[in-house]
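J.: Would you mind keeping the following structure in view while I ask a few things?
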Amino acid sequence: MGKNPVRMKAVVYALSPFQQKVMTGLWKDIPGKIHQKVSENWISATLLLGPLVGTYTSVLFPSSLSLSLFRFDFLI
């Protein structure tokens, strides 16, 4: 069993200078794609955005109860 040489062909891929629109399909119908993703994954979106919105609002509008708990008046 001898070793036979195998001819290999080089394949070169290139873009034509007249067809440089590579990623135009990503920007078509962006609102439709976002609506589809949210409607398919609304539970995950709710579980992600719920704690984020809650934390953000609690930082913006702190309640008087939470402020009074950290005054350390109960240590006197």
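The values are calculated or read from the model by the stated rules, or taken from the named source; none is laboratory data. The structure displayed is predicted, hence computed values, not measured ones. Every residue, glycine as well, gets a Cβ built from its backbone with ideal geometry; the counts of neighbours run over all protein chains shown. Surface accessibility is based on the protein's heavy atoms, side chains included, excluding ligands, DNA and RNA. Shrake-Rupley method; radii C 1.70, N 1.55, O 1.52, S 1.80 Å.
J.: So Leu67 ticks every box in (1) at pLDDT below 80; (2) outside any helix (DSSP H, G or I) but one. Which box is left unticked?
T.: (2)
J.: Yes or no: the range 27-40 includes at least one residue that is assigned to a loop (DSSP other than H, G, I, E, B) and surrounded by 10 or more Cβ atoms within 10 Å (Cβ to Cβ).
T.: Scanning the range 27-40, I find at least one residue that is assigned to a loop (DSSP other than H, G, I, E, B) and surrounded by 10 or more Cβ atoms within 10 Å (Cβ to Cβ), so the answer is yes.
J.: Right, another one. Please determine whether any residue of the range 7-18 is among the charged types (D, E, K, R), open to solvent by 100 Å² or more (accessible area, probe 1.4 Å) and at pLDDT 80 or above.
T.: First, pick out the residues of the range 7-18 that are among the charged types (D, E, K, R): 7, 9.
Retained after the next criterion (residues that are open to solvent by 100 Å² or more (accessible area, probe 1.4 Å)): 7, 9.
Pick out the ones that are also at pLDDT 80 or above and you get 7, 9.
Among the residues of the range 7-18, at least one is among the charged types (D, E, K, R), open to solvent by 100 Å² or more (accessible area, probe 1.4 Å) and at pLDDT 80 or above, which makes the answer yes.
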